[in-house]
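Reading through the structure tokens given below for one structure.
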Amino acid sequence: MRIYLPIFFFVFFLSGNMDAQSCCSGGVPVSGNLGLPTAEKGSSQVSLSYDWNVLKTLKEGVEKLEDQSRNRTTHSALLEIGHTWTNRFSTDFFFSFLQQVRTIRQNGQQTDLDQTSGIGDAVALFKYQVLKTKNGGSNLQLGLGPKIPLGAFGNKDDRGITLSADLQPGSGAWDLIFWGQFTHQLSFRPSSNLLLSSTYALKGENPRFNEIETYAFGEEWLVSIGISDRMVLFNKLVDPSLLFRYRTVQPDFRNGSLLPSSGGEWVYINPGITFWFSEKMSYQINGEFPLYANLVGTQITPTYRFNTGLYWRF
């Protein structure tokens, strides 16, 4: 364990110090949903979930503005499929379909409505189990893979004007994803686990946004730390969890120039619970609520978010 933990923390801190997507916090929720659990050699896993992200808080820097005229909602259907090929090597594939709705109201009347839907970008994640102690108390996985630009990025509004990049189903750019996850069983309560994960997205550039422009989302780093437990409720296993997440994104670039009012940093609290129907099938639900946000310029930012879904292991 002493040998391998520095490897994780090297990736962890390297990702935080690289030139650190989103001009706000809409779009496909990739980073926070990557990485299926560790599984036995020869087993397959499937996770199918729904993600509901509501953004109706307007902020400038850390100051909340008393403006309720803007509202944005993202609905995402997320599918993740994984297979464990050897005792250490596994692959995960992430697919998405999303609908985004943005409304603007003035004097209580809706004055603008933009809506897009379609297949989002995908991710192929190649994972290697660096550490697994003999008693299974500690586990460390590292992963690397591309984000593949499957989604459309040229949707237009009713006037024929191309919608903003963060409203498009896809980014039109190849990204590189760095991922790491560490779990440790607590000695004073063996049913509990310490959880630590980090995801860093090195963003590529879309050379054909709006047909003649270039667009690059700002690079993103997400780190989560928390604890999960296991208990019995009505003769079924139940896993409550509580995570804290820190997320930072750098400003976007359009035609090589920094885009105003993009980028920032957030801290979230994520309570969740998983119900196990059997050894290999579960249902989970979790929420995400902002504790702190410091935005570059004026942006609409998440007010709350919920994610729920089913998990199978074969």
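The values are calculated or read from the model by the stated rules, or taken from the named source; none is laboratory data. What you are looking at is a predicted structure, and each value in this text was computed from that prediction instead of being measured. Note that we place each Cβ from the backbone using ideal geometry, even for glycine, and neighbour counts take in every protein chain shown.
Look at Gly180 and say whether it is on the phi > 0 side of the Ramachandran plot and either in contact with a helix residue (DSSP H, G or I) (Cβ under 9 Å, 6 or more places away or on another chain) or of a type in the set (Phe, Trp, Tyr) (or both).
No: the conditions fail for Gly180.
Right, Ile300: of a type in the set (Val, Ile, Thr), modelled with pLDDT of 95 or more and either in a strand (DSSP E or B) or closer than 28 Å to Val101 by Cα (or both) or not?
Against the criterion (of a type in the set (Val, Ile, Thr), modelled with pLDDT of 95 or more and either in a strand (DSSP E or B) or closer than 28 Å to Val101 by Cα (or both)), Ile300 does not qualify.
Search the range 120-160 for residues being modelled with pLDDT under 95 and among the β-branched types (Val, Ile, Thr), and hand back the single one that is nearest to Thr57 (Cα to Cα).
Filtering first and then ranking leaves Val130.
Can you tell me which residue is surrounded by the most Cβ atoms within 10 Å (Cβ to Cβ) among those in the range 119-134 that are among the basic types (Lys, Arg) and in a strand (DSSP E or B)?
Of everything passing the filter in the range 119-134, Lys127 is surrounded by the most Cβ atoms within 10 Å (Cβ to Cβ).
Can you tell me which residue is surrounded by the most Cβ atoms within 10 Å (Cβ to Cβ) among those in the range 247-284 that are closer than 25 Å to Thr301 by Cβ and charged (D, E, K, R)?
Residue satisfying both the conditions and the ranking: Asp252.
Which of the residues that make up the range 51-74 are assigned to a strand (DSSP E or B), farther than 18 Å from Ser31 by Cβ and not aliphatic (A, V, I, L, M)?
Lys56, Thr57, Lys59, Glu60, Glu63, Lys64, Arg70, Asn71, Arg72, Thr73
Tell me, which residue of the range 144-173 that is among the β-branched types (Val, Ile, Thr) and more than 22 Å from the chain's Cα centre (by Cα) is surrounded by the fewest Cβ atoms within 10 Å (Cβ to Cβ)?
Looking at residues that are among the β-branched types (Val, Ile, Thr) and more than 22 Å from the chain's Cα centre (by Cα), I get Ile161.
Mind counting the residues in the range 190-241 that are of a type outside the set (Val, Ile, Thr) and touching a Pro at 6+ places or on another chain (Cβ under 6 Å)?
2
Can you confirm whether Leu176 is modelled with pLDDT of 95 or more, more than 17 Å from the chain's Cα centre (by Cα) and either more than 18 Å from Val28 (Cβ to Cβ) or assigned to a strand (DSSP E or B) (or both)?
no
Has the range 36-45 got at least one residue that is surrounded by fewer than 17 Cβ atoms within 10 Å (Cβ to Cβ), assigned to a strand (DSSP E or B) and out of contact with any Phe, Trp or Tyr (no Cβ under 6 Å at 6 or more places or on another chain)?
No, the range 36-45 has no match at all.
Out of Gln168, Gln181, I need the residue that is farther than 18 Å from Ser262 by Cα and touching a strand residue (DSSP E or B) at 6+ places or on another chain (Cβ under 9 Å). Which one?
Testing whether each residue is farther than 18 Å from Ser262 by Cα and touching a strand residue (DSSP E or B) at 6+ places or on another chain (Cβ under 9 Å) leaves just Gln181.
For the range 68-85, name all the residues that are closer than 24 Å to Lys41 by Cα and of a type in the set (Ser, Thr, Tyr).
Once the filter is applied, which keeps residues that are closer than 24 Å to Lys41 by Cα and of a type in the set (Ser, Thr, Tyr), the range 68-85 yields only Thr84.
How many of the residues making up the range 82-98 are over 16 Å from the mean Cα position of the chain (by Cα) and either surrounded by 14 or more Cβ atoms within 10 Å (Cβ to Cβ) or part of a strand (DSSP E or B) (or both)?
Number of matching residues: 7.
Looking at Ser278, is it closer than 29 Å to Asp166 by Cα, at pLDDT below 95 and polar (S, T, N, Q)?
Judged against the criteria, Ser278 is not a match.
Would you say Phe9 is modelled with pLDDT under 95 and surrounded by 13 or more Cβ atoms within 10 Å (Cβ to Cβ)?
yes
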